[in-house]
Amino acid sequence: MKTKKITYLGLMVGYSLILYIIETYIPNPLIAIFPGAKLGLSNIVTLLALLTLGFKDTFVILSIRILLSSIFAGPMSYLLFSVAGGYLSLFAMYLTSKIPGFSTIGISLSGAVFHNIGQLLVASLIINNIKMVGYLPFMLIASLVTGAFIGIVVHFAEPKLSKIQKLFH
């Protein structure tokens, strides 16, 4: 790998970690209705990377971010939730991005929905009760809001990032 590309990927990991840390300081006013729901700010970097760098590099960025953020976050269960949600979300966004007609917001929404599905499946396995999946309709409401927000941010950021990225090639 070229030094410039490694540096660029490192910057993307750093940006996603910074967004992850910033998000921990944002209070969740809907905690009673949607416990555990977050904006998913680090997903901005994941979607930007997917659209500008492709699946392989995004997988590397996401893997490193998940590992490092899980170390900072605490319990081992955070790693399991992040792996399931993050990878399922990435695969969903990748597949959705290949379907003509999907906007950045639509791609982001698919990622948000599948992120929640992955996390609920892990929760079901941890507590050994598939009824956890019954929480999905409530999580989907949160997914629509957060996925749309991330998609809008990426919609406006992606053209700027594409110009910057050309400097690295």
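Since every read-out is calculated from the coordinates, none of them should be taken as a lab result. Predicted model, so just to flag it, every value in this text is computed and none were measured. Because the Cβ atoms are built from the backbone with ideal geometry, glycine has one as well, and the counts that use them run over all protein chains shown.
List the relative contact order of the chain as a percent without decimals, with contacts defined as Cα pairs under 8 Å and 6+ residues apart.
Details: 184 pairs, mean separation 41.7, N = 169.
RCO, the chain: 25 percent.
What's the FRET efficiency of residue 56 with residue 78 using the Cβ-Cβ distance as r and R₀ = 22 Å, to the nearest 0.05?
Values: r = 25 Å, r/R0 = 1.14.
For R0 = 22 Å, the calculated efficiency reads 0.30.
Placing unit charges on C-beta atoms (Lys and Arg positive, Asp and Glu negative, everything else neutral), compute the dipole magnitude of the range 1-111 about its Cα centre in debye, rounded to 20.
Working: 7 positive and 2 negative charges, 72 e Å.
Dipole magnitude for the range 1-111 comes out near 340 debye.
Mind checking the full-extension length gain between residue 6 and residue 28? Use 0.36 nm per residue of separation minus the Cα-Cα distance, one decimal, nm. Could the numbers behind the result be given before it?
Working: separation 22, 0.36 × 22 = 7.92 nm, distance 3.48 nm.
Contour length minus the Cα-Cα distance gives 4.4 nm.
Of 44, 134, 7, which is farthest on the positive side of the dipole of the chain, counting Cα position, with +1 on Lys and Arg Cβ, -1 on Asp and Glu Cβ, and the Cα centre as origin?
After comparing all options, I get 7.
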